[in-house]
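The values are calculated or read from the model by the stated rules, or taken from the named source; none is laboratory data. What you are looking at is a predicted structure, and each value in this text was computed from that prediction instead of being measured. Cβ placement follows ideal geometry from the backbone for every residue including glycine, while neighbour counts extend to all protein chains displayed. SASA here: full protein model, heavy atoms, side chains in, ligands and nucleic acids out. Shrake-Rupley method; radii C 1.70, N 1.55, O 1.52, S 1.80 Å.
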Amino acid sequence: MESHRDWEKIWFVVMLVIVVFFVGWSYTSVMTGDTATYRDGLPLASGVPKPLPNGTVVIYMEGIQWAWLPQNATEIVYMPNGTEENISVNSIITYVNGYPLIKVDPHQPVEFILYSNNVVHAFYLRLPHGPQNVNVVPGINSYSFFFAPSTPGNYTFHCAEYCGVGHSYMYGYLEVM
């Protein structure tokens, strides 16, 4: 009977060590930005690569009841002397039937800086390499960084957190050209 309990204790310690290892590995991966895909929305943009890759399109997006409103877009370009330039590229933001359409190139790095002034929203974008799902809490910037898919196509983003009566109309399009 006593030997049976010893095996239970050993099994418990082995499982505890495995759980502690994976929790520590996940924590350090998120905090250092080494995760395979960047699912952020965490404070201080942890997980977003620093510095951003050359050619990154940064889009400031406001979530309101009941629409996504792209405020402006810039492209980050590093000059030969090492300085960073933010070039305004608002031509990539257009509207189709009142919904935002954002045009990017294949493999182009994209960063959404998301914010809300009224209620909690969630930015959800399904991409071939995995979905982006970021909670947008009022008054706090959230970040979503990804590389645009390699295949041209139209990808829909929408609000994944019920935010009121017009929630189902809160969407837009990411077009990879």
- Query: Once phi is turned into ³J(HN,Hα) by the Karplus curve 6.51 cos²θ - 1.76 cosθ + 1.60 with θ = phi - 60°, what whole-Hz value does each residue of segment 50-66 show in order, with x for glycine and proline?
  - Reply: 10, x, 5, x, 4, x, 5, 8, 9, 10, 8, 10, 9, x, 10, 7, 9
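How big is the dipole moment of the chain about its Cα centre under a simple scheme where the beta carbon of each Lys and Arg is +1, that of each Asp and Glu is -1, and everything else is neutral? Debye, nearest 20, please.
Numbers: 6 positive and 13 negative charges, 43 e Å.
Dipole about the Cα centre, nearest 20: 200 debye.
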- Query: Pick the calculated Cα extents along the principal axes in Å for this structure from (1) 43, 41, 28; (2) 81, 51, 30; (3) 74, 51, 33?
  - Reply: (3)
- Can you send over the solvent-accessible area of Ile87, 1.4 Å probe, protein chains only, in Å² to the nearest 10? 80
- Please figure out what share of the DSSP beta bridges in the chain is antiparallel and state it in percent, rounded to the nearest 5. 80
- Mind pulling the angle between the C-alpha long axis of helix 2-32 and the longest principal axis of the chain? Nearest 10 degrees, somewhere in 0 to 90. 20
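How many Å² of accessible area per residue for the chain, probe 1.4 Å? Each step should come with its number before you reach the end.
Numbers: 10260 Å² over 177 residues.
Normalised by residue count, the accessible surface of the chain is 58 Å².
Measure off, as a whole percent, the carbon and sulfur share of the 1.4 Å-probe accessible area of the chain, all protein chains present. Present the calculation step by step, with values, prior to reporting the outcome.
On the way: 6370 of 10260 Å².
With neighbouring chains kept in place, the figure for the chain is 62 percent.
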- Item | Mean ellipticity per residue at 222 nm, deg cm²/dmol - from DSSP H runs of n ≥ 4 across the chain, formula -39500 (n - 2.57) | -6500 deg cm²/dmol
